[in-house]
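Okay, so here's the structure we're looking at.
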Amino acid sequence: MTRIIKMSEKRIDKKGIKYAANQIKNGKLVVFPTETVYGIGANAFNEKACKEIFKVKNRAADNPLIVHVCSFGQLKEVAVIPDNIMVILKRLWPGPVTFIFKNRDLSKTVTAGLNTVAVRMPRNKIALELIKESDAPIAAPSANISTFPSATEAKHAVADFFGKVAVIIDGGKSAFGLESTVIDISKKPYRLLRPGSYDVSELEKFLGKIYVSGKINKTVKKGRVLSPGMKYRHYSPKKPLFLFNNIRELISASRFLESKGIKFAALIPSEYSKKVNGNEKIILGSESKASEIARNLFSSFRKLDEIDAEIGLIVDMKLDSFDLAVRNRVAKAAGENKVRNLSHFIRLFKEVHSSLRE
Ligand code: TXA
Ligand code: MG
């Protein structure tokens with residue numbers, strides 16, 4: 001049985017936290033809110049419980065987990081801290097950024113056999129209370145079945161994990177809606193491994209120059225990758241999603257689909273709402289409010305799977321913050337379906353559509 005416990009950061013249910021923390025202590029799994037996305041967590045020092053996370057998520061064993069801590073004391077238990085970094089960490093944490101350190105004492109299951117470990121101190125008060133009350137760091141990937149969009153509301157985690165975890169703490173909609181930014185500080189130069197809710201330009205004010213690979217949005221299938229997570233298909237709705245360079249291309253594709261009587265949904269910023277005809281529109285938010293788009297992105301992907309549409313069309317957006325992260329998630333969700341022009345779309349669509357029909 002899974003117990004769902006509802007609370008908010010303003011009104012923390014102490015008994016609920018105690019119950020959930022006891023489950024963590026007993027080696028069970030707990031889904032909990034963070035300011036980025038929901039996490040599915042276990043005691044980071046309980047290897048059996050951590051193995052269970054991989055099982056219920058259907059996660060590849062070579063993709064390591066992020067360890068969540070509630071204090072700097074706890075950080076020192078799990079990681080080797082480079083000289084002079086503590087002062088900076090204290091300014092950035094708690095917050096939506098994960099750092100890669102040399103591993104101190106965590107199992108191969110958590111680190112996927114690497115000699116490094118990813119650690120984050122989340123800002124969400126429910127998450128912090130849960131870690132504190134559990135008296136242990138909590139290893140937690142995003143609370144979604146692997147390859148699907150991360151959970152940004154408790155109902156997403158309920159859909160994926162009800163019956164498979166002891167507790168789901170419903171703390172409302174995630175504040176940011178995109179995962180944390182991951183930075184490797186285990187060696188110099190510091191490197192971005194995953195763009196996320198903390199903009200790199202902001203982090204550079206504290207950390208100095210951060211190296212960003214031009215390949216950050218590519219799904220690397222073979223060879224050496226910086227972060228194991230980069231190898232995998234990610235964040236994807238179950239239905240095919242086509243990514244367009246601009247709204248004009250999206251509109252011509254929508255006309256083609258209408259002429260063929262094919263149901264589709266357009267995932268677009270509110271600014272384009274009137275320009276696009278079509279069966280379904282999923283409004284991502286206003287392009288001038290990047291935080292809104294970021295916050296709605298994953299729930300929009302999940303919505304596409306729920307509504308009466310065969311495919312989704314999404315447009316590349318240029319945002320004044322979260323830009324790298326949003327475009328990274330959109331590019332990965334669309335995968336191979338990056339459209340160059342109408343005839344290219346028709347070709348791609350026909351391939352996808354015939355396999356949909358099989
Ligand atoms: O916002 C977040 O980061 C959320 C919440 C729950 O904290 N967690 C999250 O975890 O997104 P997950 O497992 O979905 O993503 C963790 C990423 C993966 O891309 C993984 O490969 C990378 O961090 N990672 C973990 N440990 C690593 C390590 N030692 N070296 C390089 N990359 C690592
Ligand atoms: Mg994830």
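Read-outs throughout are calculated quantities, based only on the coordinates presented, and are distinct from any laboratory measurement. Because the structure is a prediction, the values reported are computed rather than measured. Positions of Cβ are generated from backbone atoms using ideal geometry, with glycine treated the same way; all protein chains shown enter the neighbour counts.
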What nm distance separates the two modelled labels at Asp105 and Ser201, each placed 7 Å from Cα along Cα→Cβ?
4.2 nm
Given the options Pro64, Pro94, Pro189, state which has the largest fluctuation in a GNM of the chain using a 10 Å cut-off (strictly under) for Cα springs.
Pro189
Calculate how steeply helix 125-134 sits against the longest principal axis of the alpha-carbon atoms of the chain, using the helix alpha-carbon long axis, and give the answer as 0 to 90 degrees to the nearest 10.
40 degrees
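Please list, by residue number, every one of the trypsin sites (Lys or Arg not before Pro) in the stretch 265-358 that is coil in DSSP and has at most 12 other beta-carbon atoms within 10 Å.
Here the trypsin sites (Lys or Arg not before Pro) that fit, given the DSSP loop and packing criteria, are Lys274, Lys318, Arg340.
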Going through Lys18/Lys55; Lys6/Lys76; Lys6/Lys164 one by one, the pairs whose alpha carbons sit over 28 Å apart turn out to be Lys6/Lys76
Count the lysine pairs in the stretch 241-357 whose Cα atoms sit under 15 Å apart, keeping only pairs 8 or more residues apart in sequence or on different chains.
7
Test of understanding: extend the Cα→C-beta vector of Ala61 to 7 Å, then name every residue of the stretch 90-131 with backbone N under 16 Å from that spot.
107-114
What is the helix-to-structure angle for 290-306, meaning the angle in degrees between its Cα long axis and the longest Cα principal axis of the chain, kept from 0 to 90 and rounded to the nearest 10?
70 degrees
Using only the alpha-carbon atoms, how far is helix 47-57 inclined from the longest principal axis of the chain? Give it as 0 to 90 degrees, nearest 10.
10 degrees
Could you give the length gained by full extension between Lys76 and Lys173, i.e. 0.36 nm per residue of separation minus their alpha carbon distance, to one decimal place?
31.8 nm
Column: log10 I(q)/I(0), Debye, Cα scatterers of the chain, q = 0.08, 0.13 Å⁻¹
-0.39, -1.00
Mean ellipticity per residue at 222 nm, deg cm²/dmol - from DSSP H runs of n ≥ 4 across the chain, formula -39500 (n - 2.57):
-10500 deg cm²/dmol
Under a 10 Å cutoff between Cα atoms, tell me which one of Leu178, Leu284, Leu89 has the largest fluctuation in the Gaussian network model of the chain.
Leu89
Would you mind computing, in nm to one decimal, how far apart the modelled labels at Glu351 and Ser146 are, each placed 7 Å from Cα along Cα→Cβ?
2.4 nm
Taking 257-267, 114-124 and ranking on average Cβ neighbours within 10 Å, highest first, one gets 114-124, 257-267
Each label point is 7 Å from the Cα along the Cα-to-Cβ direction; what then is the distance between the points at Lys6 and Lys48, in nm?
3.5 nm
Residue separation between Lys15 and Lys263 times 0.36 nm, minus their alpha-carbon distance, gives in nm 84.5 nm
When the chain is modelled as a GNM with alpha-carbon springs shorter than 10 Å, which of Ser299, Ser270, Ser201 fluctuates the most?
Ser201
For the stretch 241-357, shape from the Cα gyration tensor axes a ≥ b ≥ c, cut at a/c of 1.5 then a/b versus b/c, turns out prolate
